[in-house]
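Heads up, the thing below is written out as structure tokens.
The values are calculated or read from the model by the stated rules, or taken from the named source; none is laboratory data. Predicted model only: the values in this text are computed from it and were never measured. With ideal geometry, Cβ positions are generated from the backbone for all residues, glycine too; neighbour counts draw on all protein chains shown. With ligands, DNA and RNA removed, areas are computed over all heavy atoms of the protein, side chains included. Shrake-Rupley method; radii C 1.70, N 1.55, O 1.52, S 1.80 Å.
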2 protein chains.
Amino acid sequence: MSAPSGQGVTAPRGFRAAGVIAGIKASGRPDLALVVNDGPGQTAAAVFTRNKVKAAPVLWSQQVLTTGRLKAVVLNSGGANACTGPEGFRTAHATAEKAAEVLQCGAIEVAVCSTGLIGAQLPRETVLAGVEKAAAALDATPAAGLAAATAIMTTDTVAKQAVAAREGWSVGGLTKGAGMIAPSMATMLSVLTTDAAVEPEVLDRALHAAVRVSFDRLDVDGSMSTNDTVVVLASGASGITPGEEELAAALTEVAKDLARQMQADAEGVTKRVTVRVTGAASEDDAVVVARTVARDSLVKTALFGSDPNWGRVAAAAGYADADLDPERLDVTINGVTLCRGGVAAEDRSLADLSGEDVLVEVELGLGSGEAEILTTDLSHAYVEENSAYSS
Amino acid sequence: MSAPSGQGVTAPRGFRAAGVIAGIKASGRPDLALVVNDGPGQTAAAVFTRNKVKAAPVLWSQQVLTTGRLKAVVLNSGGANACTGPEGFRTAHATAEKAAEVLQCGAIEVAVCSTGLIGAQLPRETVLAGVEKAAAALDATPAAGLAAATAIMTTDTVAKQAVAAREGWSVGGLTKGAGMIAPSMATMLSVLTTDAAVEPEVLDRALHAAVRVSFDRLDVDGSMSTNDTVVVLASGASGITPGEEELAAALTEVAKDLARQMQADAEGVTKRVTVRVTGAASEDDAVVVARTVARDSLVKTALFGSDPNWGRVAAAAGYADADLDPERLDVTINGVTLCRGGVAAEDRSLADLSGEDVLVEVELGLGSGEAEILTTDLSHAYVEENSAYSS
């Protein structure tokens, strides 16, 4: 499902990207990315975290996105620039100004995204020098897209890119995210690009439709970040204007692909878990039940132990804030229905959880609402990574 | 704070208790307890889980508690009798009938509580024989109260009892609970006793008032159980009728003591964490923010690692469903204010988290609402215990 040969944001026509070592990270790894839309169009839309504690780059980018137009996005790892007050906002602003200077556009045409430790100021001059360095490295090659995807990794172990090709136009994307992933948008920075020719309002609606069923359905640890940002840039270079639904479908395809990549690379993951709820009174109820099961620590530790403990699934479904009739509740794990009508059915030893993929199906028997949430198990490695790493 | 010399439910006059090995647990450990109110009064009240998937004994006990009177409570470990359908309900009913037979009362005067694995039927005859055995062992001694507290342990490592002595009357209690503890009542079975002479309505109100600020403020893992039950029995044997507030205060004292004991013995705990929120727009908001911080996996793993990662606390507060102004947010960990007005303040290295107790204070600067939630860290041992143990 992943993009062949590392294709990502530079796959659609009209885009260049770069990823460089700015020196923000003490480790000396790549830490600054730049994605530039060379047009002819500059339509853009974005979705941001709903956390009330918003990072400085989120506050900046929300402002510039009100125009529905962007020339470029600057992204850095090595520091979230969150809880950094007016000084942090000035750094985000200066970053956009620097990009505008080297790209010969206005700062209002530059979005900024950051990821890393909350609460520390970014080294402003280091970031600004990094922007110059990245601008000099801009290229439209697949390698350049991969470099950008690599430069925003934190606890990610692999760079994450995806492409959806259509007749004459395409959508590309990159993302990062491995922890602090939930509950309504995966913690992440993601840039999607398309060479479709699109009006801002259409792009905005299509992006929201795509995010709702992709990034919004990934929940690794229930923690909503201060920095979540998904930006889409449309260059119009293909000269093709797809219908809104067609555009939304292509954005969804790329976003779902990227969400699956984040699930597979989540902190400490040993199982890729899909929680599918059917028969709910509504789609909203299905999402609530699936999310509650997906976030339950006892369910997640049981899955880490390859234990088909359906009772914990039933208990989690039962405390979800949604309609539920215990006597209609079925729980199926990897194809074996262990609970039917709220009581034990097949023998739990029949459910084989030895593999890396686990499908937990919850049938509520109430209506036609359904939804899937992607999550992971809760492992020793998750505890290790998050107790030993200040992030 | 714990009861001296293991005093618990038998401390108030008019109560006998027993804990025996019925043979429900394969391990051969004590697994059935009986607490009997010898009067002269038999007033009772209870609070049950709000999980929609309720265990059979909860369904039974909810019915019998509608009378506001109880002679006895039967409690078993070794099986939750949850998701067991009509057959499981018949077992709960038969258990009450057996207790009524040996105690010469009606089944409607007997509450039943169970804890253990969800989804398996209890061995009914084993349970019934255990009730007879427990009835034969009933005694009013401290040792009998301790035996009852011991017989309901699951992953608990110590028996949990508490007493509040007043002028001429007292409140005693026992509880169990170590995991699946949250979010509105700690997962637990608890029996409180008092020799005060009380009307059912007064006892009910006083119990709810006590639970609201004690068991309801303990949140180990955010998982609400199918079996949560707190029962209070009043014998009237002291002949004293305290005022409602006085009664509620004594019940609260015992319930808070028991809640602290559950926190200290929680699965895999290495840190006892208190999250105190002040300056909230309301008490409800304070509870929501404190609970959200207390449940956040990234906060909990950071505390396990003795890392004063205030940024994760700020992020968790920010996604809580409560009023919050990022610019008024202070975060203080073990007395060191690391975040003031939403930005870094004191150096994080000044916060010493090497001890077992951690106090996380969040000041919202909005109003006078405040609340505390007791929780724990998220450790390797929690993952180990819950991935290796089917419970």
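Taking 19 Å as the straight-line reach from the Cα of A:Lys98, the aspartates and glutamates in range (excluding those fewer than 8 positions away in the same chain) are A:Asp31, A:Asp38, A:Glu87, A:Glu109, A:Glu125, A:Glu132, A:Asp139. Label point of A:Asp284 (7 Å along Cα→beta-carbon): distances to the other copies' equivalent points are 1.7 nm, sorted ascending. Counts of other chain beta carbons within 10 angstrom of each beta carbon in peptide B:38-51 average 1. FRET efficiency for the pair A:His208 and B:Ala165, taken as 1/(1 + (r/R0)^6) with r the Cβ-Cβ distance and R0 = 56 Å, rounds to 0.35. How far is helix A:200-212 tilted off the main Cα axis of chain A, in degrees rounded to 10, range 0 to 90? Compared with the principal axis, the helix lies near 30 degrees. A label point on B:Glu97, set 7 Å along the Cα-to-Cβ line, lies at 8.4 nm from each of its counterparts in the other copies, closest listed first. Shortest first, A:Asp352 label-point distances to identical copies amount to 5.6 nm, with the label point at 7 Å from Cα along Cα→Cβ.
Can you give me the angle between helix B:244-264 and the longest principal axis of chain B, using Cα atoms only, in degrees from 0 to 90, rounded to the nearest 10? Its long axis makes an angle of about 70 degrees. Helical content of chain A, expressed as a calculated mean residue ellipticity at 222 nm, amounts to -10000 deg cm²/dmol (DSSP H runs of 4 or more residues, -39,500 (n - 2.57) each, divided by residue number, nearest 500).
Axis of helix A:310-319 versus longest Cα principal axis of chain A: the two differ by about 70°, to the nearest ten degrees. Averaged over peptide A:303-315, the number of partner chain Cβ atoms lying within 10 Å of each residue's Cβ comes to 6.
When the Cα centres of segment B:307-378 and segment A:136-165 are compared, how far apart do they sit, in Å? Here the two parts' Cα centres lie 36 Å apart.
Rounded to the nearest Hz, the phi-derived 3J(HN,Hα) couplings of segment B:297-304 under the Karplus curve 6.51 cos²θ - 1.76 cosθ + 1.60 (θ = phi - 60°) are 4, 6, 5, 5, 6, 4, 5, 4, where x marks glycine and proline. With both labels modelled 7 Å from their Cα along Cα-to-Cβ, the B:Asp352 to A:Thr67 distance reads 5.4 nm. Straight-line reach from B:Lys160: taking Cα to Cα under 22 Å and skipping same-chain neighbours fewer than 8 places apart, the lysines in range are B:Lys25, B:Lys176, B:Lys256, B:Lys271. Across segment A:268-324, the relative contact order, built from alpha-carbon pairs under 8 Å that are at least six residues apart, equals 38 percent.
Averaging the sequence gap over all C-alpha pairs within less than 8 Å and six or more residues apart, then dividing by the number of residues, gives segment A:309-360 a relative contact order of 29 percent. Converting phi to 3J(HN,Hα) with the Karplus coefficients 6.51, -1.76 and 1.60 and the offset θ = phi - 60°, segment B:18-29 yields 7, x, 9, 8, 8, x, 6, 7, 5, 5, x, 7 Hz in sequence order, with x at every glycine or proline. Per-residue mean of foreign Cβ neighbours for A:324-333 is 2 (Cβ atoms of other chains, 10 Å radius).
Given a Förster distance of 45 angstrom, what is the FRET efficiency for B:Thr270 paired with A:Ser368, based on the Cβ-Cβ distance and rounded to 0.05?
For R0 = 45 Å, the calculated efficiency reads 0.45.
For chain A, what is the relative contact order in percent, using Cα pairs closer than 8 Å and at least 6 residues apart in sequence? RCO, chain A: 18 percent.
Surface composition of the protein assembly as shown: carbon plus sulfur atoms hold 50% of the accessible area, using a 1.4 angstrom probe and ignoring ligands, DNA and RNA. The magnitude of the dipole of segment B:10-264, with charges of +1 and -1 set on the Cβ of Lys/Arg and Asp/Glu and taken from the Cα centre, is near 520 debye.
Model label points for A:Glu244 and A:Asp323, set 7 angstrom from Cα along the Cα-to-Cβ axis, are 2.9 nm apart.
Applying 1/(1 + (r/R0)^6) with r as the Cβ-Cβ distance of B:Ile21 and A:Ala381 and R0 = 45 angstrom yields a FRET efficiency of 0.70.
Interface residues of segment B:70-96, defined as a loss of at least 20 Å² in heavy-atom accessible area between the chain alone and the complex of all protein chains with a 1.4 Å probe, are B:Cys83.
Spin-label model, A:Glu125/A:Ala143: points 7 Å from Cα along the beta carbon direction are separated by 3.2 nm. At a probe radius of 1.4 angstrom, the accessible area of chain B per residue rounds to 33 square angstrom. Taken across both chains, chains A and B shield about 4100 Å² of accessible surface from a 1.4 Å probe. May I ask for the distance between the Cα centers of segment A:75-117 and segment B:15-58, given as a whole number of Å? Centre-to-centre (Cα) distance: 61 Å.
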